[in-house]
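The values are calculated or read from the model by the stated rules, or taken from the named source; none is laboratory data. Quick caveat, the model's predicted, so the values are computed rather than measured. So basically every Cβ, Gly included, is an ideal-geometry build from the backbone, and we count neighbours across all protein chains shown. The protein model used for the area step is the full one, side chains on, heavy atoms only, and it has no ligands, DNA or RNA in it. Shrake-Rupley method; radii C 1.70, N 1.55, O 1.52, S 1.80 Å.
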Amino acid sequence: MKTIRMEVLFPEMSDLYGDTGNLVYLRKKLEEMGFSVETVRTALGDVPEFPYRQVDFLYLGPCTESQQQMQAQALMPYRDALEARMGSGNVTLFTGNAFELLGEYVAEEKGGRFPCLGLIPTYAKRFTRLRYNDLSLGNWDDLEIVGYKNQLSHSYLQEGQRMNDCFLHMERGSGLHPDSRQEGFRRNSFFATYLLGPILPLNPGFAERILEHMTSTAVPTFPFEWEAYQSRLEEYRK
């Protein structure tokens, strides 16, 4: 029986909105497909496994704003390893404000900034008004992806830069910021998005493509997943 290795970064602080449900969902699907699943939980201060061992699925979810800088600092020694994953076939998913850690920096609402990984040409800017919320519907290839957003910051492109590797083109809701139709980042099998959900249970087609890529195996589907997805699509299109 083949073993699939999944690693979740900083699980003690990155389960806002229940987004580690992405891992629960993937594990259940993989077990239904006959795979053994090993999940590595890398806490802040631990040495992650993905730079040194095969990790088939790497995940980082949203955290509070006060924890973001700690996570950026913890990931900095592994910047090159994350950049290498962007060029590999190994699947990576960052959700919520974890997306911002891939950019150049985060500008805080009271002034000042802290550096991030500088892997994509964006920066994040926090704001002091009420949290931004929306229902989101975007397109990736021939798939429609649904989710929602809850954030105290938006991302912007550095002057003169273009986002050639955006993940979604938005039909409903904001992109990197409310005036943008481009959302998230995708290169090969590395995905990063502000969308919450959790995004994989909400989008069975997206989950199937990730699972097929990880396993080279057909993925079992269940009518209730697609019925719920179609219901969400109808709601989001209103």
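All but one of (1) of a type outside the set (A, V, I, L, M); (2) in a loop (DSSP other than H, G, I, E, B); (3) within 15 Å of the chain's Cα centre (by Cα) hold for His177, so report the exception by its number.
Looking at each condition in turn, His177 falls short on (3).
Is it fair to say Leu211 is under 16 Å from Leu143 (Cβ atoms) and either open to solvent by less than 50 Å² (accessible area, probe 1.4 Å) or more than 11 Å from the chain's Cα centre (by Cα) (or both)?
Taking the combined requirement at face value, the residue satisfies it.
Out of everything in the range 209-232 that is among the hydrophobic types (A, V, I, L, M, F, W, C) and out of contact with any Lys or Arg (no Cβ under 8 Å at 6 or more places or on another chain), what residue ends up being nearest to Ile4 (Cα to Cα)? Walk me through it before giving the result.
From the range 209-232, those among the hydrophobic types (A, V, I, L, M, F, W, C) are 210-211, 214, 218-219, 222, 224, 226, 228; that's our starting set.
Going one step further and asking which of them are out of contact with any Lys or Arg (no Cβ under 8 Å at 6 or more places or on another chain), we end up with 210, 214, 218, 222, 224, 226, 228.
On the way: Ile210: 13, Met214: 8, Ala218: 15, Phe222: 22, Phe224: 26, Trp226: 25, Ala228: 27 Å.
Looking at the filtered set, the residue picked out is Met214.
From (1) touching a residue at least 12 places away in the same chain (Cβ under 8 Å); (2) within 18 Å of Pro11 (Cα to Cα); (3) surrounded by fewer than 19 Cβ atoms within 10 Å (Cβ to Cβ), pick out the condition that doesn't hold for Arg53.
Every listed condition holds for Arg53 apart from (2).
Looking at Leu157, Leu143, Leu200, Leu152 in this structure, which one is modelled with pLDDT of 95 or more, aliphatic (A, V, I, L, M) and surrounded by 16 or more Cβ atoms within 10 Å (Cβ to Cβ)?
Details: Leu157 fails: modelled with pLDDT of 95 or more; Leu143 fails: surrounded by 16 or more Cβ atoms within 10 Å (Cβ to Cβ); Leu152 fails: modelled with pLDDT of 95 or more.
The conditions single out Leu200.
So, in the range 107-140, of the ones that are hydroxyl-bearing (Ser, Thr, Tyr) and closer than 29 Å to Ser231 by Cα, which residue ends up surrounded by the fewest Cβ atoms within 10 Å (Cβ to Cβ)?
Just the residues of the range 107-140 that are hydroxyl-bearing (Ser, Thr, Tyr), to begin with: 122-123, 128, 132, 136.
This time we only want the ones that are closer than 29 Å to Ser231 by Cα, so: 132, 136.
Values: Tyr132: 17, Ser136: 24.
This residue is Tyr132.
Would you confirm, using the coordinates I've provided, whether Val91 is over 16 Å from Leu196 (Cα atoms), surrounded by fewer than 19 Cβ atoms within 10 Å (Cβ to Cβ) and among the aliphatic types (A, V, I, L, M)?
no
Output the residues belonging to the range 172-212 that are over 30 Å from Glu32 (Cα atoms) and free of Cβ contacts under 8 Å to residues at least 40 places away in the same chain.
Once the filter is applied, which keeps residues that are over 30 Å from Glu32 (Cα atoms) and free of Cβ contacts under 8 Å to residues at least 40 places away in the same chain, the range 172-212 yields Gly173, Gly175, His177, Asp179, Ser180, Arg181, Gln182.
For Ser180, which of the numbered conditions (1) over 21 Å from Leu82 (Cβ atoms); (2) in contact with a strand residue (DSSP E or B) (Cβ under 6 Å, 6 or more places away or on another chain) fails to hold?
Result: Ser180 fails condition (2) only.
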